[in-house]
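Presented below is the structure to which this report refers.
The values are calculated or read from the model by the stated rules, or taken from the named source; none is laboratory data. Because the structure is a prediction, the values reported are computed rather than measured. Using ideal geometry, Cβ is built from the backbone for each residue, glycine included, and neighbour counts are taken over all protein chains shown. Heavy atoms of the whole protein, side chains included, go into the accessibility calculation; ligands, DNA and RNA do not. Shrake-Rupley method; radii C 1.70, N 1.55, O 1.52, S 1.80 Å.
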Amino acid sequence: MDLTWWQIVLGVIVGLFLLMVIVIIHELGHAWAAIRSGVKVEEFGLGFPPRAKILGKYKGTLITLNWLLPLGGFCQMKGETDDAKEKGSYGAASFWSKTKILFAGVVANLIAAMVIFTILAWVGLPKIFPNQFAIASDNRGQHGTVEIVGVVDDSPAAAAGLQKGDLLLGVADTEIEFSTQVSNLTKNNAGQRTKIEYERDGQRQIVVALLNQNSSKDGYLGIQTSQKDYATIRATWSAPLVGIVNTFQFIGATFAGLGEMLANLFGGLWGLVTGGGAAAQEQIGKAGESVAGPISILGVIFPQAMMAGPTTLLWIMGVISLTLTVMNILPIPGLDGGRWYLTAGFKLFKKKLTKEKEGLINGIGMLFLYGLIVLVVISDIWKLF
């Protein structure tokens with residue numbers, strides 16, 4: 001989709017606003033849990049300093065508006081280091097209270113995602129993988145349509161009579177809703193005579209193709225496909241259940257994608273060290289392709305989502321909220337999960353976590369994160385050219 005400059009600028013503004021909302025929801029979770037646990041929240045800021053205006057006070061918490069508004073917000077608690085002992089400080093709270101405070105942001109983002117996906121389940125939740133949960137009797141969503149956009153000469157597809165413009169309906173008695181299904185199904189049926197169901201001029205037809213089987217093109221059919229219409233789930237009474245179950249399915253998919261990305265990244269780096277050459281570079285390239293950084297999110301994804309409509313924007317917002325949920329569960333120093341694992345580890349081994357140690361460990365973790373961000377930004381720029 002080619003966008004004009006004003007569409008890109010508007011998309012960036014909308015994207016920054018939605019990201020700010022997601023981060024503020026996260027910080028509200030921390031603030032709520034802290035106040036409930038008897039920890040004083042000294043300031044809740046919309047945006048980051050320098051401060052622009054004091055908006056008021058709520059239960060002793062200063063609420064401020066700050067100039068760096070697009071960056072989200074923050075929750076500043078009294079005595080945020082683990083060894084602080086003043087009454088009402090975070091450090092003086094019990095381990096269980098610290099656990100609730102640290103993971104309250106995760107829970108807030110998780111609930112926000114559930115609400116977003118429940119709303120989408122009513123109006124049309126994008127279906128992104130075949131086993132995505134829905135109740136068949138209450139699903140009035142759109143079926144995904146895959147179009148054949150190219151047929152290779154002298155291929156099994158050409159021999160079977162498939163043509164450009166045909167709609168691919170099924171392969172090997174498996175219904176096709178996603179173009180990504182095709183290669184897996186053909187590989188699984190390599191060397192076999194396989195039933196191909198398609199639609200041409202409104203007529204459903206079935207042919208049989210003998211899929212090639214060799215080392216380089218296992219299960220080769222000889223077609224290029226494109227997603228013509230995207231599948232959706234649209235429920236009524238079951239929408240809350242669909243929204244909640246899909247939230248956890250997406251979390252599972254996020255962990256799987258993260259694991260694959262890390263495997264490609266570190267596998268590729270190890271390959272470079274051991275002389276893997278082109279194969280190692282390809283692995284690293286796959287890792288880069290699976291990551292979208294700030295330039296891609298704000299400059300590409302949000303503008304395109306804005307032009308696609310509010311449903312797509314809401315979907316992206318839900319996905320980013322889930323991503324924050326997952327990232328803050330992981331033991332990454334400097335993030336919520338990392339801080340909890342650090343506190344739990346020192347408590348388990350009965351060691352004192354001093355302010356200096358905590359600052360050093362979290363500082364190293366944040367440097368690592370900033371390094372990753374720089375690499376992702378470079379990858380984003382590289383993709384543009």
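Straight-line cross-link partners of LYS85 among the lysines, defined as a Cα under 22 Å from its Cα and at least 8 positions apart when in the same chain: LYS40, LYS59, LYS98, LYS100, LYS347, LYS350, LYS351, LYS352, LYS355, LYS357. Of the peptides 33-41, 142-150, the ranking by mean beta-carbon count within 10 Å, highest at the top, reads 33-41, 142-150. For the chain, the mean residue ellipticity at 222 nm estimated from helices alone is -17000 deg cm²/dmol, where every DSSP H run of n ≥ 4 contributes -39500 (n - 2.57) and the total is divided by all residues, rounded to the nearest 500.
If a/c stays under 1.5 just call it rounded; otherwise compare a/b with b/c (prolate if a/b is bigger, oblate if not). Do that for the range 1-137, with a ≥ b ≥ c from the square roots of the Cα gyration tensor eigenvalues. Because a/c hits 1.5 or more and a/b fails to exceed b/c, the range 1-137 counts as oblate. Packing order of peptides 85-93, 164-172, highest average first: 164-172, 85-93 (average count of other Cβ atoms within 10 Å over each peptide's residues).
Excluding ligands, DNA and RNA, the accessible surface per residue across the chain is 55 Å² with a 1.4 Å probe. Once all protein chains are placed together, LEU211 keeps about 0 Å² accessible to a 1.4 angstrom probe.
If you fit an axis through the alpha-carbon atoms of helix 5-36 and take the longest principal axis of the Cα set of the chain, what angle between them do you get, 0 to 90°, nearest 10? Value to nearest ten degrees: 50. Shape class for the range 79-125: prolate, because the ratio a/c of the largest to smallest gyration tensor axis (alpha-carbon atoms, square roots of eigenvalues) is 1.5 or more and a/b beats b/c. Relative to the longest principal Cα axis of the chain, at what angle does helix 239-273 sit, 0 to 90 degrees, rounded to 10? Tilt relative to the chain: about 90 degrees.
Please enumerate, by chain and number, the aspartates and glutamates with C-alpha under 16 Å from the C-alpha of LYS53, excluding those fewer than 8 residues away in the same chain. Leaving aside aspartates and glutamates fewer than 8 places away in the same chain, those within reach of LYS53 are GLU42, GLU43. Relative to the longest principal axis of the Cα atoms of the chain, the long axis of helix 310-327 makes an angle of roughly 60 degrees. In a reduced charge model with +1 at each Lys and Arg Cβ and -1 at each Asp and Glu Cβ, the chain shows a dipole moment near 1760 debye about its Cα centre.
Rg and Dmax of the range 60-156, both derived from C-alpha coordinates alone, stand at 24.4, 79 Å. Figure note: ASP154, ASP336 ranked by solvent-accessible area, largest first, 1.4 Å probe, ligands and nucleic acids not counted: ASP154, ASP336. Protein heavy-atom surface of the range 111-252, 1.4 angstrom probe: 50% of the accessible area is carbon and sulfur, with nucleic acids and ligands not counted. ILE329 sits with roughly 60 Å² accessible to a 1.4 Å probe, with DNA, RNA and ligands left out of the calculation.
Dipole of the range 1-134 computed with +1 at Lys/Arg Cβ and -1 at Asp/Glu Cβ about the Cα centre; of LEU125, ALA33, ILE8, farthest Cα towards the positive end is ALA33. When only alpha carbons are used to place a centre, the range 141-160 and the range 67-104 end up 56 Å from one another.
Rg/Rh, computed from the Cα trace of the range 22-62 with Rh as the Kirkwood radius, has the value 0.96. Taking all protein chains as they are arranged and a probe of 1.4 Å, the heavy atoms of TRP6 leave approximately 130 Å² accessible to solvent. When +1 charges are put on Lys and Arg Cβ atoms and -1 charges on Asp and Glu Cβ atoms, the dipole computed for the range 159-274 relative to its Cα centre reaches about 160 debye.
Extension gain, THR174 to VAL107: 0.36 nm times the residue separation minus the Cα-Cα distance gives 20.3 nm. Panel values: the chain, Kirkwood radius from alpha carbon pairs, Stokes-Einstein at 37 °C and 0.692 mPa s, translational diffusion coefficient 136 µm²/s.
With 0.36 nm allotted per residue and the present C-alpha distance subtracted, the PHE266-GLN7 stretch has 89.5 nm of extension available.
Backbone amide hydrogens, once placed in the peptide plane, bring LEU169 within less than 5 Å of GLU197, TYR198, GLU199, excluding anything fewer than 5 places away on its chain. Under a 5 Å amide H cut-off, with hydrogens placed 1.01 Å from N, THR194 pairs with ALA209, LEU210, LEU211 among residues at least 5 apart or on other chains.
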